[in-house]
């Protein structure tokens, strides 16, 4: 496993070791002890989530605030996504900055997203399966987000906006300047 910090403090790109042979491949997608030792953290994931989506589905940018703030470990099991995180930690040197990366079934790359980050992704291929671990349970009352097309953030989603498929909830999220910080 290799780990590299992204340009946002505390947000890590994780590449598991892939063992391939004529039968296929094997990866250890998660090991609690190795994960915590290599990142110098004490994260205990309590909930796993999975979504299946068509090309153009944009989910996000979501986060939970307060005591229900979540750290996440995300990856693609099948297909491809363009994954985006935004630092919502007002005291952070990278507050208001975003980072994006392509996660695919081929590259097996994972992204660790610390508490205090908004997260979203756009699906680049039909029938994409996206998986994420959370260190805090979902709490509807603490859920919030940022509108995907915020002018301040100026995120490149890599597909034309006319191809986007969004939920009603995601279409009415506040812009970055009006969003609650963590």
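The values are calculated or read from the model by the stated rules, or taken from the named source; none is laboratory data. In this text the structure is predicted, and so the values were computed from the model without any measurement. Cβ coordinates were reconstructed from backbone atoms using ideal geometry, including for glycine residues, and neighbour counts include every protein chain displayed.
For the range 97-109, state whether one or more residues are more than 30 Å from residue 19 (Cα to Cα) and surrounded by fewer than 20 Cβ atoms within 10 Å (Cβ to Cβ).
Initially, the range 97-109 is screened for residues more than 30 Å from residue 19 (Cα to Cα), giving 97-98.
Narrowing the set further to residues that are surrounded by fewer than 20 Cβ atoms within 10 Å (Cβ to Cβ) leaves 97.
Yes; the residues of the range 97-109 include at least one that is more than 30 Å from residue 19 (Cα to Cα) and surrounded by fewer than 20 Cβ atoms within 10 Å (Cβ to Cβ).
Restricting attention to the range 118-144, report how many residues are more than 11 Å from the chain's Cα centre (by Cα) and surrounded by 22 or more Cβ atoms within 10 Å (Cβ to Cβ). Number satisfying all stated conditions: 2.
Looking at the range 150-180, which of its residues are crowded, with 16+ Cβ neighbours inside 10 Å and part of a loop (DSSP other than H, G, I, E, B)? Explain how you work it out, then say what you get.
Looking only at the range 150-180, we keep the residues that are crowded, with 16+ Cβ neighbours inside 10 Å, and these are 150, 153, 155, 157, 164, 166, 170, 173, 176, 179.
Passing the criteria: 150, 153, 155, 157, 164, 166, 173, 179.
Restricting attention to the range 10-50, the residues being in contact with a helix residue (DSSP H, G or I) (Cβ under 7 Å, 6 or more places away or on another chain), outside any strand (DSSP E or B) and surrounded by 13 or more Cβ atoms within 10 Å (Cβ to Cβ) number 1.
Working only within the range 73-87, note down all residues that are under 20 Å from residue 144 (Cα atoms) and touching a residue at least 40 places away in the same chain (Cβ under 8 Å).
So in the range 73-87, the residues under 20 Å from residue 144 (Cα atoms) come out as 73-74, 83-87.
Residues satisfying the conditions are 73, 74, 84, 85, 86, 87.
Look at residue 115 and say whether it is surrounded by 14 or more Cβ atoms within 10 Å (Cβ to Cβ), at pLDDT 95 or above and in contact with a strand residue (DSSP E or B) (Cβ under 7 Å, 6 or more places away or on another chain).
Values: surrounded by 14 or more Cβ atoms within 10 Å (Cβ to Cβ): yes; at pLDDT 95 or above: yes; in contact with a strand residue (DSSP E or B) (Cβ under 7 Å, 6 or more places away or on another chain): no.
No: the conditions fail for residue 115.
On the basis of being in a strand (DSSP E or B) and surrounded by fewer than 23 Cβ atoms within 10 Å (Cβ to Cβ), does residue 147 make the cut? Spell out how you get there, then give the answer.
Working: in a strand (DSSP E or B): no; surrounded by fewer than 23 Cβ atoms within 10 Å (Cβ to Cβ): yes.
No, not satisfied.
Could you please give the count of residues in the range 51-79 that are part of a loop (DSSP other than H, G, I, E, B), within 22 Å of residue 181 (Cα to Cα) and more than 15 Å from the chain's Cα centre (by Cα)?
In the first step, residues of the range 51-79 are kept if they are part of a loop (DSSP other than H, G, I, E, B); the result is 54-56, 65, 69-71, 79.
Next cut, within 22 Å of residue 181 (Cα to Cα) only: 65, 69-71.
Among the residues that remain, those that are also more than 15 Å from the chain's Cα centre (by Cα) are: 65.
Counting residues in the range 51-79 that are part of a loop (DSSP other than H, G, I, E, B), within 22 Å of residue 181 (Cα to Cα) and more than 15 Å from the chain's Cα centre (by Cα) gives 1.
Could you pull out the residue among 90, 59 that is buried (at least 18 other Cβ atoms within 10 Å of the Cβ) and touching a residue at least 24 places away in the same chain (Cβ under 8 Å)? Break it down stepwise before answering.
Details: 90 fails: buried (at least 18 other Cβ atoms within 10 Å of the Cβ).
Exactly one residue qualifies, and that residue is 59.
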